[in-house]
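Read through the structure below, which is laid out as C-alpha cells, and then see the notes.
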Amino acid sequence: MTRIQKTVFVLVALVAVVLGLTVHKVLTGQAQADPTKLLDAGIVLLPQSRTLPALEMTNQDGEKMRVDQFNDKWSLVFFGYTFCPDICPTTLAQMRELKGLLPEEARNNLQIILVSVDPNRDTPQQLKQYLGYFDPAFIGLTADLPTLQKLSNAVSIPFIPADTSKENYTVDHSGNLVVLGPDGTQRGFIRSPLNNQKLKEQLPGLVTPKG
C-alpha cells in the first residue's frame, strides 16, 4: 500500500468513525449536555442520583402523596412558604416565567412543586389559594415538621424551623431548587438566584425525553 493509499485509508476510517458516532447520537437522543453550560446556568448535577425517602405528604387538594413517587415527569422542587415576604413570591414568579419560556415538549414534561416549610400556617387550602396566584398547575405539599425536616435533609436543602410563638414570624430557608428525574430520584440542584435566560437554553436538553 502506497503512502497516499494509507492516508486515504486513514481518512476514510476517521470519517466512518465520525459518521458512526453521529448516527449513534441521533438514534440514542441528544448529545450529552455541556457541563460547563449547565453550571453557567446554575444547574448542578449530582455524580450519582439520590433515592428519596418514602415520606407521605398532603397536597393542596388535601390528597396524600408519597414524595418517592414523583414519577413520569421531571420536577423542580422549591422549599418555601406562603407568608414569605420576598424570596418565595419572587422565585415562584420566575418559575412561572421560565415555564412559559420553555418549548412545549419540555414544558409538558416538567412540574413545579412548592414544599412548605411553615406547616403551622400553610394548610392545603392556603397553599392552593397562594399557588393559584402564580400557576394553578403548580403543586403544593405540606406535612408535619419532622417529615419536612427528613425530606429537606435528604435532598440537602435545610431550613431553620421558626419560632411560631412570635407574631408574623419568618422562616429561614434556601432559595435553591431540587431537580428530580422522572424516576423520582434527585438528580441535582438549580442554584439561586435563577437566571431564566440561561435556564431556558439548558433545561430543554435535560428534561426532554431522548430518542
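The values are calculated or read from the model by the stated rules, or taken from the named source; none is laboratory data. Here the structure is a predicted model, which means the values were calculated and not measured. Using ideal geometry, Cβ is built from the backbone for each residue, glycine included, and neighbour counts are taken over all protein chains shown.
Give the residue, chosen from P119, P193, that is outside any helix (DSSP H, G or I), farther than 29 Å from D40 by Cα and in the same structural domain as Q48 (by TED's automatic domain parsing). Spell out how you get there, then give the answer.
Working: P193 fails: farther than 29 Å from D40 by Cα.
Testing whether each residue is outside any helix (DSSP H, G or I), farther than 29 Å from D40 by Cα and in the same structural domain as Q48 (by TED's automatic domain parsing) leaves just P119.
Looking at the structure I just gave you, is L180 buried (at least 17 other Cβ atoms within 10 Å of the Cβ), within 16 Å of the chain's Cα centre (by Cα) and over 23 Å from R107 (Cβ atoms)? No.
Every residue, every condition in (1) over 30 Å from T170 (Cα atoms); (2) surrounded by 15 or more Cβ atoms within 10 Å (Cβ to Cβ); (3) at pLDDT 50 or above, yes or no:
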{"site": "F9", "(1), (2), (3)": "yes, no, no"}
{"site": "P35", "(1), (2), (3)": "yes, no, yes"}
{"site": "L39", "(1), (2), (3)": "yes, no, yes"}
{"site": "L46", "(1), (2), (3)": "yes, no, yes"}
{"site": "M57", "(1), (2), (3)": "no, yes, yes"}
{"site": "K64", "(1), (2), (3)": "no, no, yes"}
{"site": "V67", "(1), (2), (3)": "no, yes, yes"}
{"site": "F70", "(1), (2), (3)": "no, yes, yes"}
{"site": "S75", "(1), (2), (3)": "no, yes, yes"}
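When restricted to residues that are in a helix (DSSP H, G or I), of a type in the set (A, V, I, L, M, F, W, C) and within 20 Å of R107 (Cβ to Cβ), segment 122-148 contains 1. Mind checking which residues of segment 117-148 are in contact with a helix residue (DSSP H, G or I) (Cβ under 9 Å, 6 or more places away or on another chain) and farther than 19 Å from V67 by Cβ? Passing the criteria: N120, Y130, Y133, F134, D135, P136. Quick check, is Y169 touching a Ser or Thr at 6+ places or on another chain (Cβ under 6 Å), modelled with pLDDT of 95 or more, of a type in the set (F, W, Y) and within 20 Å of I87 (Cα to Cα)? Criteria not met by Y169. If you go through segment 155-179 and keep only what is among the aliphatic types (A, V, I, L, M) and touching a strand residue (DSSP E or B) at 6+ places or on another chain (Cβ under 7 Å), you end up with V155, I157, I160, V171, L177, V178, V179. Report yes if L206 is crowded, with 20+ Cβ neighbours inside 10 Å and modelled with pLDDT under 95, otherwise no. Judged against the criteria, L206 is a match.
Would you mind stating whether L151 is under 16 Å from the mean Cα position of the chain (by Cα) and either of a type in the set (A, V, I, L, M, F, W, C) or farther than 23 Å from N71 by Cα (or both)? Against the criterion (under 16 Å from the mean Cα position of the chain (by Cα) and either of a type in the set (A, V, I, L, M, F, W, C) or farther than 23 Å from N71 by Cα (or both)), L151 qualifies.
Quick grid of which residues meet (1) surrounded by 20 or more Cβ atoms within 10 Å (Cβ to Cβ); (2) farther than 15 Å from I43 by Cα; (3) in contact (Cβ under 8 Å) with a residue 40 or more places away in the chain:
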position	(1), (2), (3)
F159	no, yes, yes
E167	no, yes, no
D172	no, yes, no
L199	yes, no, yes
